[in-house]
Amino acid sequence: MIELPELVAGGLAAGTLSALVLGGGLLRARRQKAALRAEVTELRARLRAAEGAFVSEVEHLAARRMPAAAAQLTHPHLKVPGPAGHQTPGTPTGIALEYVLTALREELTAQRVRIDAAAQAGLRGAAREIQAALYRLQDALRGLQQRYDEPELAQTLFALDHENEQSLRRAQVAAVVCGAWVGLAREESHVVDAVTGGQARLAGYHRVRVHNHLEPGTALVSHAVEPVAIIVAELLDNALRHSAPDTKVVVNLEHVHHGVCVTVDDAGLGMTQDERARAQRLVAGSDPILLTDLGDPPRMGLAAVGRLTRQFDLSVDVSSPSPYGGVRAVLRVDTHLLGRIDPELRPPSVSAPRSTRERAAVRETAGQAPAAPAGTAPAPTAPAPAVPAPAADGPGGAEHERAPGHQEPGSPGGLPQRRRRTRPDAPEAPLRQPAAERRPEAAAAALAALQYGTAAARTPKRAPAPDPRRTDDEGKAAR
């Protein structure tokens, strides 16, 4: 039987042990609580730092990166700043911010295209109305030119017609840039006529020198005539604007393997590498054209060239410098856009420069003409056909030239008039110097005088009134 003191001692020992165990548990719990409190404090501090860094990134995104990304759409050379923190790229936050920039670019691009399309539609309609009004004014001026023969009035009408032609070209270019049709449908025409037609639309046309090296009769199909004229006019306008007023712009028309090339060389300032690359992108027509990309005020010439090259399968290159120090622009017309016109049935216009190949053929034919035997008079021959007259460089002037050995038509008696033939061994006569440049006023006065003389010749002459004295004398003699 256990005694009471032993039981008490055992109970006290068990209680003491339990107290020690409970005390140890409480101490461990207190330590864990303190550790958790410190960890929570540290996490809160890290959260506040992450929140501050995120707010800084968002502020940096709104203040620096988004405006730069919007400006980069119109100025590709600009760079968009990176995140403010060095540890942000590659993190979920950095990826989310880059996605924001991408979505912003896509939305801005879509909005720019939509707004620009609306602006182009409005400008296209206005340009069409202006173009129609200018066509009506052109018809009215042409009618006045045919109605009145006064030289001073004709000179004024020609000046107004030329100014109207320049305004019409600007309206036409604006309409083409905005996606409209060229506005005219022409018949099949000589290539040189299309080039001189584009040259005549410019204020400084007298500074352009056209050298025609094409085979006579080389023509454009009907739907390519007006686009080629517009492209040549814009390339010449660009060359004239960026070169000194006392310099010339040289145009060469030549055959190439795939068709015909029209080369425009100026002696202007030239372009930097970036400007040349941008100009080449515009004339290529591969990128969409936005009015906001053309500057303020918009420079639409090269943009119109690019639109036409894409629509009509033409090719323009401005990537090469000119040997005169300026810019070389080359328009290539492929074979499927070329045709042929008989130059005898439909010769080029009088203002078009004569082909150098035709001149060479005339000189070769003149050098091979047989000489008459000594002491024998040459037999009368039929009149030779007249050689087409070569035109002076530039619209409005022409220089006429006859082939050696040419005979005029016969006299009223029916006998042909003999002309001395050129001997084969005789030295070739020097070519006639180009005619001096005629001012628009002189050309207008000459044309008005021609119209006046033609009208006077067509007016029927009245029979003279009979002389009463002569009638009386004749009556007396009869009696």
Distance from the range 194-250 to the range 268-313 (C-alpha centre basis), Å: 18 Å
Normalised per residue, the volume inside the convex hull of the alpha-carbon atoms of the range 178-272 in Å³ amounts to 129 Å³
Y205: accessible area at probe 1.4 Å, nearest 10 Å²? 40 Å²
The set of residues whose placed amide H lies less than 5 Å from the amide H of L314, leaving out same-chain residues fewer than 5 positions away, is none
Residues of the range 144-248: accessible area per residue with a 1.4 Å probe, Å²: 40 Å²
Checking rank on 229-242, 332-345, 31-44, 104-117, with mean other Cβ inside 10 Å and highest first, the result is 229-242, 332-345, 104-117, 31-44
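The values are calculated or read from the model by the stated rules, or taken from the named source; none is laboratory data. Everything quoted here is computed from the prediction, not taken from an experiment. Neighbour counts are summed over all protein chains in view; Cβ atoms, including those assigned to glycine, are modelled from backbone coordinates with ideal geometry. The area values use the complete protein model at the heavy-atom level, side chains included, leaving out ligands, DNA and RNA. Shrake-Rupley method; radii C 1.70, N 1.55, O 1.52, S 1.80 Å.
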